[in-house]
Structure formats: C-alpha cells, structure tokens
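Each value in this text was obtained by applying a stated rule to the coordinates, not by laboratory testing. Note that the structure is a prediction, hence the values are computed from the model and not measured. Every residue, glycine among them, receives a Cβ derived from its backbone with ideal geometry; neighbour counts consider all protein chains shown.
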Amino acid sequence: MLELVEMEMRDLLSEYGYDGENTPIIKGSALAALEGRDPEIGEDRVRELMEAVDAHIPTPIRDLDKPFLMPIEDVFSISGRGT
C-alpha cells in the first residue's frame with residue numbers, strides 16, 4: 001500500500017515538472033517523534049528528513065551588496081504608544 005502511494009506521489013511530482021524519480025521520500029511520524037515513542041519511525045525519520053532537505057534543496061544565493069528590502073502589508077496606529 002505504501003509503495004503505491006509513493007508511486008502516485010512520484011507521478012504527481014513529475015506531472016508538475018519536478019524530478020519525481022530522484023526526489024527523496026521519507027516515511028515517518030512527526031507525532032511519534034514529538035511523543036518520544038517508536039524512534040525508528042519518529043525521531044530517526046525526522047533526522048533523515050532534515051538530512052535529505054539539506055542535501056536536496058540548495059541554499060539560495062543572496063545579494064549582500066544590495067539594500068535590505070522588506071515588504072510591509074499593513075500599518076496600524078495605536079494611540080498612546082510610541083512617539
């Protein structure tokens with residue numbers, strides 16, 4: 001059953017233009033990791049997932065020479081606070 005789900009996930013990734021065949025798929029339980037039970041499907045799998053993320057997703061190259069820009073969506077005025 002899990003193999004069928006993995007095959008469908010890979011097909012879906014490929015359909016949307018990702019490398020479905022080479023994308024790492026880690027099976028585990030975050031709940032088991034949080035509760036500290038079943039380390040083989042809990043904590044060990046979370047660690048394996050983080051290693052796969054570090055290996056598979058490159059660190060973006062940042063332009064450190066350019067000024068810092070941060071989008072601001074909304075501004076609120078609170079009376080009695082600040083200057």
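When every alpha-carbon pair in the chain is counted, what percent end up more than 19 Å apart?
When all Cα pairs of the chain are counted, 66 percent exceed 19 Å.
Dipole size of the chain about its Cα centre, with +1 on Lys/Arg Cβ and -1 on Asp/Glu Cβ: approximately 560 debye, rounded to the nearest 20. Qualifying GluC sites (Glu not before Pro) in the chain, where qualification requires a DSSP coil assignment and no more than 15 other C-beta atoms within 10 Å, comprise Glu21, Glu40, Glu73. Taking the longest Cα principal axis of the chain as reference, the axis of helix 2-15 is set at about 50 degrees.
Helical runs assigned H by DSSP (4 residues or longer) give the chain a calculated mean residue ellipticity at 222 nm of -12500 deg cm²/dmol, each run adding -39500 (n - 2.57) before division by the residue total.
Selection among Leu69, Ala33, Thr59 by position relative to the dipole of the chain gives Leu69 as farthest towards the positive end (Cβ unit charges, Cα centre).
Between His56 and Met9, with labels modelled 7 Å along Cα→Cβ, what's the label distance in nm to one decimal, could you check? Going from the His56 label point to the Met9 one covers 0.8 nm.
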